[in-house]
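The next block holds one structure in the form of structure tokens; read it before the comments.
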Amino acid sequence: MSTAKKVVVLGDMRDIHHHGCEAVMAQVQRGLAQAGLPPQLILPGLDWKAAGSTCSEADLVVINGEGALHDSRPSVSEVLELADQRHRDGRPTALINSSWFNNDDTLTKRLNAFSLVALRESRSHATVAAAGVNCRMVPDLAISEALDCKPRLPDVSANGFMVSDSTRPEITRQLERLASHRNWRYLPALARPIEQRPSAKSRRIHRHVQLAGWLGPLARITLSPRYRAHCIGVATVDEYCRALASVRGVVTGRFHTVCFALGLEVPMLIVASNTPKIESVLADAGLDLSRRVVNRSALESISEVPPFSAEELSSLRKFLERTRAAQRELFCSLRELGMKSS
């Protein structure tokens, strides 16, 4: 009888109560379990040293990079240090579901220490491949969560438009004003927390939500857009997808709102985020950027979200088929890595 493999997952971002992070981790856990590699340990964030021996000795470490690995931040060096150490010991490490922007070339080349590198959009893939790193492109796992959610959604006619938020507070304020001016629903990608998770970030979010309840209408003035978003957001990914699927289009600055919209085939207008990841995934899906990207200076003049053209919709559906296939292949490859390890 074979011994169960010890699998560790790094990069669980669910403590920030974000629908995209919830969706990604649901897919990671489900995919690994179906591959016969249920994780022994799932660690929040990318700081692995508190569980250093477990991470060093695991049969397989899977790192969910998401949008954390850019601009040569300390987290970039931290995950590379783990991959280097495990590579020297002959143990496989996989970086999945990641973007990679504005990192020093020497850091990018060190990605060769990973046994598998999967980037979630083509700009990141091109950057990493140009450094001589063997990598593949696998679109963000949240897209498949939306595809999985779609059959459970009520069959209703799409009506009106929705506005979501941005990682950048100043743009979030503009998006809020747009929703108010047009009387469109404003629904951030940040979730209303229904449970406190064991991290400082989750505790802080809960404190601010509790404070908002005490402040009442003053919370709109006192709290930052981020914490206000948690107060008005819906609690679950299913609820978020249900709201998104019920509208004719969404205006957003959030990468994962775009991922959900792609999976649900909801037209979108986007304003740039802190990296070019949104524009990149729209181009990968074959959408017309001239119709889908709006400058923040023009946000408040938006009066509608243009429907998909026939060409866009055809390209999007082919992209979704490729996404499913690439993600199935990813978890098959992870299974091979995990089963081969000693």
Relative contact order computed over the chain (Cα-Cα under 8 Å; 6+ residues apart), in percent: 19
Cα centre as origin, Lys/Arg/Asp/Glu Cβ charges: the stretch 145-319 dipole, Debye: 780
In 5 Å bins starting at zero, report the fraction of Cα pairs in the stretch 1-85 per bin as a rounded %. 3, 14, 25, 23, 20, 11, 3, 1, 0, 0
In percent, what relative contact order does the stretch 194-266 have, based on Cα pairs under 8 Å that are 6 or more apart in sequence? 21
Relative contact order of the stretch 145-319, please, whole-number percent, based on alpha carbon pairs below 8 angstrom and at least 6 residues apart. 27
Rounded to two decimals, the Debye log10 I(q)/I(0) of the stretch 36-80 (Cα scatterers, no solvent) at q = 0.16, 0.27, 0.31 Å⁻¹ is -0.46, -1.11, -1.31
Estimated [θ] at 222 nm from DSSP helical runs (n ≥ 4, -39500 (n - 2.57)) normalised by residues in the chain, nearest 500: -14500 deg cm²/dmol
Run the paramagnetic zone check for Ser157: 7 angstrom along Cα to Cβ, then residues of the stretch 236-266 with backbone nitrogen under 15 Å. 246-248
Given that compact globular proteins tend to follow 2.2 N^0.38 Å, what is the ratio of the alpha-carbon Rg of the stretch 53-160 to that value? 1.28
Give me D for the stretch 100-188 in µm² s⁻¹, whole number, from Stokes-Einstein with Rh from the Kirkwood sum over alpha-carbon pairs, 20 °C and 1.002 mPa s. 129
With unit charges on the beta carbon (Lys/Arg positive, Asp/Glu negative), name the residue among Leu147, Pro188, Val247 whose Cα is farthest towards the positive pole of the charge dipole of the stretch 145-319. Pro188
Could you sort out which of Lys5/Lys277; Lys277/Lys340; Lys49/Lys201; Lys109/Lys277; Lys6/Lys150 sit more than 28 Å apart by Cα distance in this structure? Lys5/Lys277; Lys277/Lys340; Lys6/Lys150
Of Thr106, Thr167, Thr93, which has the largest mean-square fluctuation in a 10 Å C-alpha GNM of the chain? Thr106
Highest-fluctuation residue, Glu170, Glu279, Glu304 considered, GNM on the chain with Cα pairs under 10 Å: Glu170
Under 15 Å from the Cβ of Ser303, count the other residues' Cβ atoms, weight Lys and Arg +1, Asp and Glu -1, and hand me the total. +2
Going toward the positive end of the dipole of the chain, with +1 on Lys and Arg Cβ and -1 on Asp and Glu Cβ, which of Leu211, Ala94, Ser53 do you reach last? Leu211
Amide H contacts under 5 Å for Asn103, placed H, 5+ residues apart: Asp71, Ser72
Taking 4 °C and 1.567 mPa s as the conditions, I'd like the Stokes-Einstein D for the chain in µm²/s, using the Kirkwood hydrodynamic radius from alpha carbon pairs. 63
Protection proxy ranking, peptides 228-237, 315-324, average beta carbon neighbours within 10 Å, highest first: 228-237, 315-324
Hey, how many Å between the Cα centroid of the stretch 276-310 and the Cα centroid of the stretch 29-97? 34
Potential extension, Met339-Ile232 segment - 0.36 nm per residue separation minus Cα distance: 34.1 nm
Ala113: net charge of surrounding residues, Cβ under 14 Å, Lys/Arg +1, Asp/Glu -1, itself excluded? +1
Could you work out the local net charge near Pro39, counting Lys and Arg as +1, Asp and Glu as -1, over the other residues with Cβ closer than 14 Å to its Cβ? +3
Restricting the calculation to Cα positions, tell me the Rg (one decimal) and the Dmax (whole number) of the stretch 145-319 in Å. 16.3, 50
Please check: in the Gaussian network model of the chain (C-alpha springs, under 10 Å), which one of Ala51, Ala285, Ala35 has the largest mean-square fluctuation. Ala51
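Here, each number is a calculation from the coordinates, and none is a lab measurement. All of these numbers come straight from a predicted model, not from anything done at the bench. Positions of Cβ are backbone-derived with ideal geometry, glycine not excepted, and every protein chain shown enters the neighbour counts.
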